[in-house]
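The values are calculated or read from the model by the stated rules, or taken from the named source; none is laboratory data. Note that the structure is a prediction, hence the values are computed from the model and not measured. Heads up, the Cβs are rebuilt from the backbone with ideal geometry, glycines too, and the neighbour counts pull from every protein chain shown.
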Amino acid sequence: MFSRRHPFLFFLMIFFSCTTLVFLGFVVLVSVGSKMMNTQFTQQYSSSKGNIGIIEINGIILSSKKIIQDIQTFRDNDNIKAIILRIDSPGGGIGPSQEIYREVMKIRSNKKIITSMASVAASGGYYIASATNGIVANPGTLTGSIGVIMEYANIMEIAKKIGISPVVIKSGEFKDMGSPLRELKDSEKEIFQDLVDELHLQFVNDAAKARNINIKTMASLADGRVYTGQRALKLKLIDRLGNLDDAIQWAGELADIQGKLKPVYPKEDKISFIKKLADTLLKDINISGTVTDNLRYIIN
């Protein structure tokens, strides 16, 4: 009956329904295909009786919980003789990066832990890597970016144009510091600059300590610039050039593993079908506009 009264609307409903089903089917095929390819690629590292644990740190570092759990799991497993952090990250929150750094520093004297850098291991990614017993990177890996940045968007002019007038009631002079609805005062800029300088100094001190590099030397390298793996090797920010397999071989040597090396990844958590679809759709979206740490993740 509806199709007779509203043929055009009925056609649109059918069209969009079919399009949606085709799209979802395509996403499922891509997801399944990607999973099968990934399984084939990592099959050699899927043994449940491995002796080298591999932990992947991918994308922007917003949380340390899962990574620390995986590190502790491998730490407590007597069969695991060495750990590799496979880092492919432009950085992220300074808090999570420091938490992972601390965890690595606590265990590296008892169990060898090596970093294998992928395409990029910068800022927070390098912060974490510096804590390991050794760092392996590709010649073209982008690393370094030792520094801290804070930025926010000021929408004061837009607010004026649409008639928004902020009313603020606060408990202290600086409680609304950094509000996007007004200009930043000079006194507030100084406070933020002091904060950034303090966090930057923490980064430099930690990286210098972990890498056994003079603080002044590390500070001279910590102006926010990125380095290729080849350049980083000359600057002693990394130790060797190579890929993941080279890192595995080195970890086996450092841990004095006799016999065949058997890398293994942490057991994956079960995720819902909807999350799989979302991951498939978003995995290629790069939401990082910079390779440096961004304080937006730790300052609200």
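Summary of values
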{"item": "Selection within segment 135-149 - surrounded by fewer than 20 Cβ atoms within 10 Å (Cβ to Cβ) and either without any contact (Cβ under 8 Å) to a residue 40 or more places away in the chain or not in a loop (DSSP other than H, G, I, E, B) (or both)", "result": "Ile149"}
{"item": "Members of segment 169-183 that are without any contact (Cβ under 8 Å) to a residue 24 or more places away in the chain and not hydroxyl-bearing (Ser, Thr, Tyr)", "result": "Ile169, Lys170, Gly172, Glu173, Phe174, Lys175, Asp176, Met177"}
{"item": "Neighbours by Cβ (under 7 Å, 6+ apart or cross-chain): first from segment 150-168, small (Gly, Ala, Ser); second surrounded by 10 or more Cβ atoms within 10 Å (Cβ to Cβ)", "result": "Ala153/Pro180; Ala159/Leu181"}
{"item": "Residue within segment 164-182 that is surrounded by 12 or more Cβ atoms within 10 Å (Cβ to Cβ) and of a type in the set (Gly, Ala, Ser) present", "result": "yes"}
{"item": "Condition met for Ala121 (modelled with pLDDT of 95 or more, under 29 Å from Val196 (Cβ atoms), in the same structural domain as Ile238 (by TED's automatic domain parsing) and of a type outside the set (Asp, Glu))", "result": "yes"}
{"item": "Any hit, segment 253-272, residues being in the same structural domain as Asn79 (by TED's automatic domain parsing), farther than 30 Å from Asn138 by Cα and either modelled with pLDDT of 85 or more or among the hydrophobic types (A, V, I, L, M, F, W, C) (or both)", "result": "yes"}
{"item": "Elements of type helices (runs of 4 or more DSSP H) contained in segment 167-257, each with 2 or more residues being touching a helix residue (DSSP H, G or I) at 6+ places or on another chain (Cβ under 8 Å) and not small (Gly, Ala, Ser)", "result": "186-211, 215-221"}
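So that you can scan it fast, the table gives a plain yes or no per residue for (1) farther than 20 Å from Leu261 by Cβ; (2) in a helix (DSSP H, G or I):
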site: Asp78; (1), (2): no, no
site: Ile84; (1), (2): no, no
site: Asp88; (1), (2): yes, no
site: Gly95; (1), (2): yes, yes
site: Val104; (1), (2): yes, yes
site: Ile113; (1), (2): no, no
site: Tyr126; (1), (2): yes, yes
site: Ala129; (1), (2): yes, yes
